[in-house]
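The values are calculated or read from the model by the stated rules, or taken from the named source; none is laboratory data. Quantities reported herein were computed from a predicted structural model and do not represent experimental measurements. Backbone-built Cβ (ideal geometry, glycine too); neighbour counts: all protein chains shown.
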Amino acid sequence: MDRQIFDAIVIGAGIAGATSGAHLSATHRVALLEAEDSAGYHTTGRSAAIWILSYGSADARILTGASRSFFEAPPAGFTEVSLAHARPVLTLASEQDRTELEASLDEGRVPITLDAARAMVPAIRADHTVAAAIEYDSFDIDVAALHQGFLKLLRSRGGDLSLRSQAGRIWYEAGLWHAETAGGDIFAAPVIVNAAGAWGDVVAKMAGVRAIGLQPKRRTALIIDPGQYDTANWPMVADIGHSWYVRPEARSKLMVSPADETDSEPCDAQPDELDVAIAIDRMQQALDIPVNRVEHRWAGLRSFTRDRGLAIGASEMPGFYWFCGQGGYGIQTAPAAGRLLAQLVRGEEPDADLRAALAPTNPLRFAA
Ligand SMILES: Cc1cc2nc3c(=O)[nH]c(=O)nc-3n(C[C@H](O)[C@H](O)[C@H](O)COP(=O)(O)OP(=O)(O)OC[C@H]3O[C@@H](n4cnc5c(N)ncnc54)[C@H](O)[C@@H]3O)c2cc1C
């Protein structure tokens, strides 16, 4: 069997593998292995594609903030389209969770009157919402352009993307990590990056590295026709309890999610009809939007560590790096998180804007 030697192997070509592989390929010859026929088939291709600074764990917020300038002004030649499109986030509260909304206000999320909220989203039910707040600095992300941009960058720097290349056996021998694919190809390198999303612990165990307790959780999304409403310029709308959200999709449609988090094994996640019904019910308690037909539905796995922070950096085994636990913020954190991973692999001092994320994302925090 042929053995191809690289400087680094990256397992998984979702956004995590694409970003870390591209950043790393500035100094390393990278082999990016993807099990599926296409990169981004799993969680990356199923996201809601929004950037919200206030969202997620403390380390995710640092990496989200540090990624902003990349979305707004990517390097020349990275993409021909805009990666970021302004999309404020409107958060609603009913009487019972008004206090929670008030407690969440800060310089990013500011209160607005119900009249102002209804001017933006006329479907808000008068008998439900008693308070509203808005974040103006959020935006939609063009995930496909971001993902393709990083894959293109990887290739332009001599990196190699292998599709239909599931690493089925991984071992460490004579200072090199070896990954053997189902087709019998063997890739070897002193560095291996685990960017396998929901399969992160599976890949670690295969390599003889201690698992960190990743838990994939299914999230459902559906597309509906909002009938009489012109939603193209609506903000994203969510409740303060994170139990549902909607966002405009493809100019005249709405994406709805019940914000579900159902534990799952790593798999090709499929939507459950009950979650679809729950999404519609929760949305309709707050928004007066009839749903005659669900045009499309899907589900994806958001994979969390035990403390819901990311896992970026070295493992207990030489040359084996984690890049997992992206949860519900893997797209909005990707540019900065990939940069951090590459700097750790090179043994460099992380950039100033990333240093605060170093300790809370260190995978060795799970060693105990
Ligand atoms: C409904 C929904 C809404 C979301 N909304 C947002 C949002 O608004 N903003 C945001 O930032 N994030 C959002 N997310 C989260 C975001 O999509 C994820 O955090 C991100 O896509 C994770 O990327 P990943 O590369 O880690 O995983 P994946 O995209 O799943 O990639 C992992 C890849 O590894 C491959 N793989 C696994 N094992 C092997 C192996 N042994 N050999 C080779 N390849 C292997 C898999 O085939 C897969 O392609 C959302 C997710 C969902 C489901």
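With respect to (1) part of a helix (DSSP H, G or I); (2) more than 14 Å from the ligand (Cβ to nearest atom), the lone exception for Ala336 is condition (2). Please indicate, with yes or no, whether at least one residue in segment 301-318 is within 13 Å of the ligand (Cβ to nearest atom), among the charged types (D, E, K, R) and over 17 Å from the mean Cα position of the chain (by Cα). Looking through segment 301-318, none of the residues is within 13 Å of the ligand (Cβ to nearest atom), among the charged types (D, E, K, R) and over 17 Å from the mean Cα position of the chain (by Cα). Checked against the criterion of being surrounded by fewer than 18 Cβ atoms within 10 Å (Cβ to Cβ) and either under 22 Å from Arg46 (Cβ atoms) or not assigned by TED's automatic domain parsing to the domain that holds Trp244 (or both), the candidates Ala299, Ala334, Ala359 yield just one match: Ala359.
Under the condition of being of a type outside the set (A, V, I, L, M) and modelled with pLDDT under 95, which residue from segment 243-270 is surrounded by the fewest Cβ atoms within 10 Å (Cβ to Cβ)? Per the criteria, the residue is Arg251. Within segment 243-281, track down each residue that is within 15 Å of Asp225 (Cα to Cα) and of a type in the set (D, E, K, R). Listed by number, the residues that qualify are Arg247, Glu249, Arg251, Lys253.
Matching residues to (1) of a type outside the set (A, V, I, L, M, F, W, C); (2) not assigned by TED's automatic domain parsing to the domain that holds Asp37:
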{"position": "Ala179", "(1), (2)": "no, no"}
{"position": "Gly183", "(1), (2)": "yes, no"}
{"position": "Phe187", "(1), (2)": "no, no"}
{"position": "Pro190", "(1), (2)": "yes, no"}
{"position": "Gly197", "(1), (2)": "yes, no"}
{"position": "Gly200", "(1), (2)": "yes, no"}
{"position": "Val203", "(1), (2)": "no, no"}
{"position": "Met206", "(1), (2)": "no, no"}
{"position": "Leu222", "(1), (2)": "no, yes"}
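Kindly indicate which of Ile170, Ile223 is closer than 29 Å to Lys253 by Cα and within 15 Å of the ligand (Cβ to nearest atom). It is Ile223.
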